[in-house]
Amino acid sequence: MPILASLPGLNLLSSLPSNPPQNDTTSSTPSPSPPIPIPKYPPPRSRNPKTNVPRSNPALSIPHRRSNYRKPVQKGVISTDGDRCVIVGENGVSYKLPGAPFEFQYSYSETPNAEPIAIREPAYLPFAPPTMPRPWTGKAPLKKSKKNIPLFDSFNPPPPGKKGVKHVEKPGPFPFGKYPKEGKTREEILGEPLKKWEIKMLVKPLLSDNRQVNLGRDGLTHNMLDLIHTHWKRRRVCKIKCKGVPTVDMDNVCRHIEEKTGGKIIHRVGGVVYLFRGRNYNYRTRPQYPVMLWKPATPVYPKLIQEAPEGLTKAEADEFRKKGKSLLPICTLAKNGMYASLVKDVRDAFEECPLVKIDCKGLQPSDYKKIGAKLKELVPCVLLSFDDEQILMWRGRDWKSMYGDTSSNLVPVKADILSGIDNSAKSSDDSGTPDSQRVVSSPKMMSLWRRAIESNKALLLEELALGPDAVLDKVEEFEGMSLAIEHSCEALVLSSEDGSSSSSSAEFKGGSYSEDENDIYSSDDIIDDEYYDDNSFEEVDPSIPLGLLPVDNIAERLRRESK
């Protein structure tokens, strides 16, 4: 070791050489290549690119209706764009355009009667600007065609066998010897009233047809007006099927349909409406309305539920809400159902109980809130709660029975506002002293009993102390008399003493249709189930007295014997 340390240029603590000697390539074997080539991935993109992003179109940056945008508004014009303006009034938010026959709205039949207090988006017109000749589709407009394309309308339809042309319905139907004529007003376009056989001819092919206009929770919207005219181009009658919230008040829906379209409802079954375009309708001269490009945001309306509703204090309202939790609902509303009888059901329920609850499981919150607002106006009633997807209503202090004043022997149940819903149970002292002159019943039952006695379908026993045999004799006598009265009918006598034939007289009295224009489109035409009855149209005299049939003599003899 001392010898090694004395050698010049030798350091025992030095590191390994930085450049190791190269191996002999001739003696070493090359390393084997991998069986699967290693994939090459592109470099990862940076999350924060420094490139400038172009700004979006201002038209696409309108606040959403679920945003926190709120702008209080008052009645009057809130925005103008030349001759076009946005108006807030009794019918909510409407849009006034120059030359329009009326103020446009998104929904004509489902707008609340209350005035809005705020809007959820800036007041823009949902129509295309007047300077744009057509909606922008991202492409330049096509060049004008050199072909002379014929334009067909209702007064000049294409030939029956022409290829490449869709069917255009002719005007009509017309009585014998009359022809179509151009009309400008609604009365001129409708023409003469339709006969019953004409209505049946127009409606019968559409009963099993699914070509229809569906009217949903938004009611009659603005774009449906153009859609109805599109149906009228191919057919004389447009079938409209209503479902959901609008069916609570079908009369309101039918009134708006006739006012805005100019047609006439000739038949109505439940929520299905058949709208006639008119005898002299021409598709070429129809009113053309601009189409709404988007659905405007619903304005903000006053709250329907208040802590202290009309006629109640906060403590009374809380007590009612507490009792309403244990109250059974009168019905359960199905989604997209038919609610035409809901108003009547609520009124009948108020005859028995001051509180009424409706189950709305599965419905959208906006739907059962709209239903509650309609019931508040139509019944009328006071809304208490929408909790647990249920509508709780109170009939109010000013409630009056539908059946009017009852007879003197009726003692109605006294229901206190706060003491409970049913207080008909009396104390034990009162129950031990029966009173034969007191009858506790509801006004509805008394009205039904009175109606049955007047129509000879029920018998009022004046003697109370009757034995079983005497009661059985009374029942058998009344049964024979009621059957005789039920099977008797009026005699139909066709007289022509004045020299005029009864078959050529003026009107058909038994049905809903007559030669009078006011009677041809009455409400009986719409809801009458006897619309499809194939009866003759001879004139009958309903003033013929009873007693011309043998069964009437039998009924009269039984009446005398019963006395």
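The values are calculated or read from the model by the stated rules, or taken from the named source; none is laboratory data. Small disclaimer: the values here were computed from a predicted structure and weren't measured. Here Cβ is always computed from backbone atoms with ideal geometry, including for glycine, and neighbour counts include all displayed protein chains. Ligands, DNA and RNA are stripped out before the accessible areas are found, and what is left, the full protein with its side chains, is counted by its heavy atoms. Shrake-Rupley method; radii C 1.70, N 1.55, O 1.52, S 1.80 Å.
Just one of ILE228, ILE240 is within 18 Å of PHE104 (Cα to Cα) and touching a strand residue (DSSP E or B) at 6+ places or on another chain (Cβ under 7 Å); which is it?
Details: ILE240 fails: within 18 Å of PHE104 (Cα to Cα).
Result of the check over ILE228, ILE240: ILE228.
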Single match in TYR274, TYR281 (criterion: in a strand (DSSP E or B) and open to solvent by less than 60 Å² (accessible area, probe 1.4 Å)): TYR274
Residue within region 136-151 that is surrounded by 15 or more Cβ atoms within 10 Å (Cβ to Cβ) and in contact (Cβ under 8 Å) with a residue 40 or more places away in the chain present: no
Which listed residue, of LYS184, LYS200, LYS163, is farther than 30 Å from GLU103 by Cβ and in a loop (DSSP other than H, G, I, E, B): LYS163
Count of region 323-333 residues which are assigned to a loop (DSSP other than H, G, I, E, B) and either in contact with a Leu (Cβ under 6 Å, 6 or more places away or on another chain) or open to solvent by less than 60 Å² (accessible area, probe 1.4 Å) (or both): 4
Residue in region 291-302 that is β-branched (Val, Ile, Thr), surrounded by 15 or more Cβ atoms within 10 Å (Cβ to Cβ) and outside the structural domain of TYR106 (by the TED database) present: yes
Selection count, region 187-198, where residues are out of contact with any Pro (no Cβ under 9 Å at 6 or more places or on another chain), within 17 Å of SER154 (Cα to Cα) and not aliphatic (A, V, I, L, M): 1
Filter result (outside any loop (DSSP other than H, G, I, E, B) and more than 17 Å from TYR106 (Cα to Cα)) within region 206-220: LEU206
Restricting region 336-347 to residues that are out of contact with any helix residue (DSSP H, G or I) (no Cβ under 8 Å at 6 or more places or on another chain) and touching a residue at least 24 places away in the same chain (Cβ under 8 Å), the residue that is surrounded by the most Cβ atoms within 10 Å (Cβ to Cβ): ARG347
Residue satisfying condition, being closer than 24 Å to TRP399 by Cα and out of contact with any Ser or Thr (no Cβ under 8 Å at 6 or more places or on another chain), within set LYS314, LYS260: LYS314
Among residues of region 223-248, those that are touching a helix residue (DSSP H, G or I) at 6+ places or on another chain (Cβ under 9 Å) and part of a loop (DSSP other than H, G, I, E, B), counted: 3
